[in-house]
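> My structure is below; once you've seen it, I'll send some questions.
Since every read-out is calculated from the coordinates, none of them should be taken as a lab result. Just so we're clear, the structure is a prediction, and the values are computed from it rather than from any experiment. Here the Cβ positions follow ideal geometry from the backbone for every residue, glycine too, while neighbour counts run over all protein chains shown.
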Amino acid sequence: MQIAVASGKGGTGKTTIATSLALSLAGLAKVRYFDCDVEAPNGHLFLKPTFSESTQAVIQIPKIQTETCTACGRCVDVCQFHALAKVGENILVFPQLCHGCGSCTWNCPENAIVEVPNPIGSLERGKAMESIGFYRGQLTISEPMPTPVIRQLKKLRQSSPDTIDIYDAPPGASCSVVETLRGMDFVLLVTESTPFGLHDLKQIMGILKDMDISAGVIINRDGIGDNAVETYCTAVKLPILLRIPFDRQIAEGVSAGKTLIDIYPEYSALFQQLVNQIQENC
Amino acid sequence: MILLISAQNPALESNIDNRFGRSPWLILFNTETNQWEAFQNPGASQSGGAGVAAAQFVVDQKADVVLSGDFGPHAATAFQAAKIEMRLFTETTATVQEAVDHFKNNQLPKFQ
C-alpha cells in the first residue's frame, strides 16, 4: 500500500505525521519511509537511520559530437526548455535547463548527439529503528530540478504487496508534489485551519481530483485559526481522519527531534486505526 | 553596427527594461543607417530558459552589441561564445534613444 503525506502549505507537520505513522506501523507490517522532499529532506532527524547504500541521481543530457554535427539547429528548435543554443557553427548545451527528455537526440538528423549522465543529486537507502526501510533523495544545492530525483528515488522501491510505503511529500503544489503523488493509493493531507492552510489544501485537492486519488485530512495544531477547513471538508466530503491539538509539549518535542509517538505514545494506536480505516476504504 | 536593446515598449522613446531575458521588447538599432525595428522578446513568455531564448534571438539578428541592465549566466555564456559585446545601462539611461546615444558616446560600461 502506497500512502503519501502531503499538505500544500509548508510547516503543517508532514514529516511529524509521516515519521510517526512509520513508527506506529513498524511492528505490524513491513514499512518503508521515502523522504521525497528532496530539496530539504528532514525525516532522518526523527527516524535516525543508518545508510548502507548511496547512488547518484542523474539526468541524461546531450553531448554534441562536433565531428558529425552540421550545426543545422534542429536540436535547438525542438528543445522546449531552451537548453540548447546555436552560435555560429557551434551548439551550446546548458545542463541546468535540460529536463533530459531526449528530444534533441531523437530529432538530430546526423545522429550527432550522445547522452551523458549529469549528476544532480543522491539517492540513499538504509534502515531506521531496525525494521523501517529508509529511502532519502537529495537534490544537490544549486541544481534546479527536483522531479527527476523523486522519480528515481521512487524507483528504488521493489513492489511487494504486504508492505506499507509512506512517502513524505515536498510542500507546495507543483511538479515535485505531483511526481510524489503519482501511483499512490491514498494521500493524507496534513493541514491547519488557517487561511493559508485552507488555500493550499484546495490547491492539492485540485491535483488529486485530476489524478483521481482519494484522500483524507489530518488537522494539525487543532484549535488555532478558524473553522474554515472543517466547513470546506464537509462541503467536498473530504473525511477528517485525525486532529492533533495545538500543544506546547508537541512543539517542544518536535523541536528536539522527537516524533509524536515519543511524545505521546497513545498516538500509535490512533495511527494504526487510521491506516486500518484507509485499507478498508481503498 | 547592430545594437539590440531591452525595452518596455516598441519605440525609441520607450523606457529601457533592465531585465534582459524577460523584457517585453527588444529594439534593433542600426548605427550606420539609424534605422530601427522592434521585436517581441521570445524569452518574455517562456516558463524557463528565458535568457537562452532571448540570447538565441539576438544571436540570430547578427547583433554586434547587446544593451541591457544585466545578463544572467546562460545569456552571458551564449554572448561570449558568439562574441557579441554586452554593455550595461547606467543610472542616467532612461529611454532606448538615450541608450543608443550613451553607447555612441562610449558611456556604457562593459558587462564582465
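> For residues that are in a strand (DSSP E or B) and surrounded by fewer than 17 Cβ atoms within 10 Å (Cβ to Cβ), scanning just region A:45-59, find the one that is farthest from the other protein chains (Cβ to nearest Cβ).
This residue is A:50.
> In region A:62-76, which residue that is within 23 Å of residue B:21 (Cα to Cα) and either facing chain B (nearest Cβ under 10 Å) or under 30 Å from the mean Cα position of the chain (by Cα) (or both) is surrounded by the fewest Cβ atoms within 10 Å (Cβ to Cβ)?
Selected residue: A:73.
> A further question on this structure: Among the strands (runs of 3 or more DSSP E) lying completely within region A:176-272, list those that include at least 3 residues that are surrounded by fewer than 17 Cβ atoms within 10 Å (Cβ to Cβ).
Passing ranges, in order: A:240-245.
> Can you pull out every residue in region A:101-127 that is crowded, with 20+ Cβ neighbours inside 10 Å, over 15 Å from residue A:149 (Cβ atoms) and more than 14 Å from every other protein chain (Cβ to nearest Cβ)?
A:108, A:112, A:113
> Follow-up. Quick check on residue A:130: is it of a type in the set (Asp, Glu), out of contact with any Cys (no Cβ under 7 Å at 6 or more places or on another chain) and either away from every other protein chain (no Cβ under 14 Å) or within 30 Å of residue A:259 (Cα to Cα) (or both)?
Criteria met by residue A:130.
> Within region B:48-69, work out how many residues are free of Cβ contacts under 8 Å to residues at least 60 places away in the same chain and farther than 22 Å from residue A:95 by Cβ.
So the count comes out to 2.
> Under 22 Å from residue B:53 (Cβ atoms), away from chain B (no Cβ under 12 Å) and not polar (S, T, N, Q) - does that describe any residue in region A:89-100?
yes
> Ok, one more. Here are some conditions: (1) part of a loop (DSSP other than H, G, I, E, B); (2) surrounded by 20 or more Cβ atoms within 10 Å (Cβ to Cβ); (3) more than 14 Å from chain B (Cβ to nearest Cβ); (4) not β-branched (Val, Ile, Thr). Residue A:42 meets all but one. Which one does it not meet?
(2)
> Could you grab me the full set of residues in region B:35-69 that are outside any strand (DSSP E or B) and under 22 Å from residue B:90 (Cα atoms)?
Correct list: B:41, B:51, B:54, B:55, B:58, B:63, B:64, B:69.
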